[in-house]
1. Please find, within the range B:59-80, the residue that is farthest from A:Phe73 (Cα to Cα) out of those that are crowded, with 16+ Cβ neighbours inside 10 Å and at the interface with another protein chain (Cβ under 9 Å from one of its Cβ atoms).
2. Taking the residues in the range B:108-131 that are in contact with a His (Cβ under 8 Å, 6 or more places away or on another chain) and hydrophobic (A, V, I, L, M, F, W, C) as candidates, determine which candidate is modelled with the lowest pLDDT.
3. Of everything in the range B:1-24, what is part of a helix (DSSP H, G or I) and either surrounded by fewer than 20 Cβ atoms within 10 Å (Cβ to Cβ) or on the phi > 0 side of the Ramachandran plot (or both)? Give them in sequence order.
4. Could you run through the range B:267-296 and say how many residues are more than 18 Å from A:Trp226 (Cα to Cα) and either part of a helix (DSSP H, G or I) or not β-branched (Val, Ile, Thr) (or both)?
5. Please work out which one of (1) without any contact (Cβ under 8 Å) to a residue 24 or more places away in the chain; (2) acidic (Asp, Glu); (3) in contact with a helix residue (DSSP H, G or I) (Cβ under 8 Å, 6 or more places away or on another chain) is the condition A:Glu310 fails and give its number.
6. Please count how many residues of the range A:143-167 are of a type in the set (S, T, N, Q) and part of a strand (DSSP E or B).
7. Collect the residues in the range B:117-133 that are polar (S, T, N, Q) and surrounded by fewer than 24 Cβ atoms within 10 Å (Cβ to Cβ), keeping them in residue-number order.
8. Might you check whether a residue that is within 20 Å of A:Leu231 (Cβ to Cβ) and either hydroxyl-bearing (Ser, Thr, Tyr) or crowded, with 24+ Cβ neighbours inside 10 Å (or both) occurs anywhere in the range A:164-171?
2 protein chains.
Amino acid sequence: MRIPYDELKAEFRRVLLSRGFDEGDAEAAASIFADNSLDGVYSHGTNRFPRVVEYLDSGLMDPHRKAGCVSSFMAFERWDGHRGFGPLNARIAMDRACALADRFGIGIVALGNNNHWMRGGTYGWQAADKGYIAICWSNTMPNMPAWGAMDSRIGNNPFVIAVPRSDGHHIVVDCALSQFSYGKLEEARLAGRMLPVDGGYDSEGRLTRDPAEIEKTGRVLPMGYWKGSGLSIALDAVAAVLADGNPVERIGTFDKEEGLSQVMIAVAPGKMDDAALTDSIVSSIADYVNGSVPAAEGGKVYYPGQRSWETRRDNLEHGIPVVEEIWERIKAL
Amino acid sequence: MRIPYDELKAEFRRVLLSRGFDEGDAEAAASIFADNSLDGVYSHGTNRFPRVVEYLDSGLMDPHRKAGCVSSFMAFERWDGHRGFGPLNARIAMDRACALADRFGIGIVALGNNNHWMRGGTYGWQAADKGYIAICWSNTMPNMPAWGAMDSRIGNNPFVIAVPRSDGHHIVVDCALSQFSYGKLEEARLAGRMLPVDGGYDSEGRLTRDPAEIEKTGRVLPMGYWKGSGLSIALDAVAAVLADGNPVERIGTFDKEEGLSQVMIAVAPGKMDDAALTDSIVSSIADYVNGSVPAAEGGKVYYPGQRSWETRRDNLEHGIPVVEEIWERIKAL
């Protein structure tokens with residue numbers, strides 16, 4: 001079934017208000033979850049919402065605990081998320097990084113002790129919508145073996161880069177550092193599909209496309225094998241150092257994935273050039289990529305972020321696809 | 001054959017002095033090439049040196065054209081490399097980013113119109129040696145197809161993250177965004193070896209580990225398939241916008257790989273914490289990764305940068321491995 005965007009967002013808003021969110025927070029948080037579904041990231045929109053409300057109901061997440069600055073030096077600030085509502089704290093931190101970029105050309109906010117930010121792309125789009133370049137990432141619990149390892153000691157730390165165009169058609173790459181998320185493995189297994197490329201190891205230690213085998217061993221592949229493994233370790237170190245926050249290892253000792261370390265970097269190209277110049281550079285790159293000769297007949301070559309717009313248009317026109325059972329659960333919350 | 005580090009560096013220095021480098025530049029540039037070989041990155045050390053001298057001799061590269069700042073806003077500066085000596089310009093730009101981080105906590109220098117910086121890791125180690133966290137990258141000529149494309153319209157843009165420890169055992173990841181460089185493909189083909197994992201497509205459009213097939217089609221794989229493709233496009237856009245420099249597309253219209261756009265970001269954790277705290281966080285992450293259960297019997301799981309130290313120690317003790325023919329060529333320059 002497909003639900004109009006406004007109806008979905010109003011429902012999220014209603015539930016959040018009933019859980020003690022104030023008007024502004026309920027509006028902002030409902031937008032984040034509704035926009036994630038609007039862009040086709042259902043795993044961090046509609047499908048995740050009931051679990052988030054469970055956390056709120058059980059007191060594991062307190063929406064009144066807001067991120068605050070604990071120390072600062074000019075364009076570099078360290079914030080503490082106090083394990084409040086992850087996406088709102090991350091949004092505040094990215095807004096602050098943009099404000100710092102306004103003042104200094106570039107700004108960085110290291111946000112420690114925050115809860116899960118849901119979809120990393122949210123904060124890239126947020127900054128790009130206001131004309132900033134953004135680089136941001138979060139660490140996670142240990143959910144991936146380092147290259148050459150059996151046991152999971154690194155995170156699939158989602159990494160985001162956003163470059164703005166004033167018409168909103170930003171270049172936004174948002175990728176976890178595992179080749180496939182656990183959600184994608186489950187989805188493929190349930191659909192009886194093999195993965196399009198190797199996603200991990202089977203119990204014989206061979207690379208495989210079989211999602212069920214990978215779920216059994218837990219040996220998911222870092223993207224680019226040794227490369228994603230190295231990037232994951234380095235991003236965890238930067239985040240933990242700058243936030244004086246929890247590294248992946250320590251997050252693994254908590255009951256759930258909480259107390260994460262996140263980094264938001266914003267740069268203001270507007271301090272050097274007018275938006276028209278930035279637009280023309282970004283457009284020339286996007287157009288050049290789009291002009292590639294497709295490998296498959298009738299195929300299309302995309303720049304990152306482009307498909308979000310296609311999904312967004314379709315979902316605005318026809319409503320957002322939701323699993324009926326989940327929608328009923330949300331309405332009953 | 002193996003040549004002592006000091007002898008190698010002295011030889012580089014002699015050649016550069018004979019090509020009009022002043023004392024300071026010859027010393028700095030000789031160090032960069034010698035250190036790349038010392039760390040085992042021979043492709044951007046000894047093996048590359050004769051070609052660089054060719055460029056100097058033919059006037060394609062002028063060591064007297066130094067990078068300079070063209071515009072600035074607080075912690076964000078735009079520099080022009082004037083197509084001078086790439087590695088020295090990149091080094092100056094990273095030094096400047098560190099100086100900005102001293103003043104603002106974070107600093108960014110976008111360096112346009114520079115020549116090839118050789119090994120990206122050089123600038124990560126440089127910043128980390130002085131206690132800074134560094135993130136830097138360069139774009140390249142179009143040398144890789146975007147995901148889903150036949151023709152090469154994106155770059156394998158090397159990307160570097162460095163996190164310091166005061167004993168020099170930094171975490172440094174330095175990876176091109178292709179799964180394998182063209183150098184590695186050639187090396188495997190000459191040795192009659194298959195690649196350890198898929199590296200590109202054969203002429204039937206199938207993924208393959210056969211380096212000769214990939215060289216034939218030119219269809220190298222981005223690391224992580226669609227993920228590396230997206231990252232490459234985004235990093236090109238950030239670099240071209242911030243430097244107002246050449247994007248990958250335009251570099252493809254030049255005679256050789258020149259006029260590149262590079263970004264150097266430095267953050268100063270020392271503005272928040274003393275080095276002992278940073279050291280302890282980085283060490284706990286490195287030790288945790290090292291403590292992984294290896295997949296292969298007797299195997300070892302590394303953090304990025306760790307193997308450079310092992311190679312460095314071995315090469316300092318036993319001399320740097322050089323191809324005799326190349327060494328003879330360098331001595332005759």
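The values are calculated or read from the model by the stated rules, or taken from the named source; none is laboratory data. Keep in mind that this is a model prediction, so the values were computed, not measured. Glycine gets a Cβ as well: all are built from the backbone with ideal geometry, and neighbour counts include every protein chain shown.
1. B:Arg78
2. If we take residues in the range B:108-131 being in contact with a His (Cβ under 8 Å, 6 or more places away or on another chain) and hydrophobic (A, V, I, L, M, F, W, C), then B:Met118 is modelled with the lowest pLDDT.
3. Applying the first criterion (part of a helix (DSSP H, G or I)) to the range B:1-24 yields B:5-18, B:23-24.
Selection gives B:Tyr5, B:Asp6, B:Glu7, B:Ala10, B:Arg14, B:Leu17, B:Ser18, B:Glu23, B:Gly24.
4. Here is the first cut: in the range B:267-296, the residues more than 18 Å from A:Trp226 (Cα to Cα) are B:267-284.
Within this subset, residues satisfying the condition of being either part of a helix (DSSP H, G or I) or not β-branched (Val, Ile, Thr) (or both) are B:268-284.
Residues meeting the conditions: 17.
5. All conditions pass for A:Glu310, except number (3).
6. Adding up the residues that qualify gives 1.
7. First, pick out the residues of the range B:117-133 that are polar (S, T, N, Q): B:122, B:126.
Of everything in the range B:117-133, just one residue is polar (S, T, N, Q) and surrounded by fewer than 24 Cβ atoms within 10 Å (Cβ to Cβ), namely B:Gln126.
8. In the first step, residues of the range A:164-171 are kept if they are within 20 Å of A:Leu231 (Cβ to Cβ); the result is A:171.
With the extra rule that they be either hydroxyl-bearing (Ser, Thr, Tyr) or crowded, with 24+ Cβ neighbours inside 10 Å (or both), the set shrinks to A:171.
Taking every residue of the range A:164-171 in turn, at least one turns out to be within 20 Å of A:Leu231 (Cβ to Cβ) and either hydroxyl-bearing (Ser, Thr, Tyr) or crowded, with 24+ Cβ neighbours inside 10 Å (or both).
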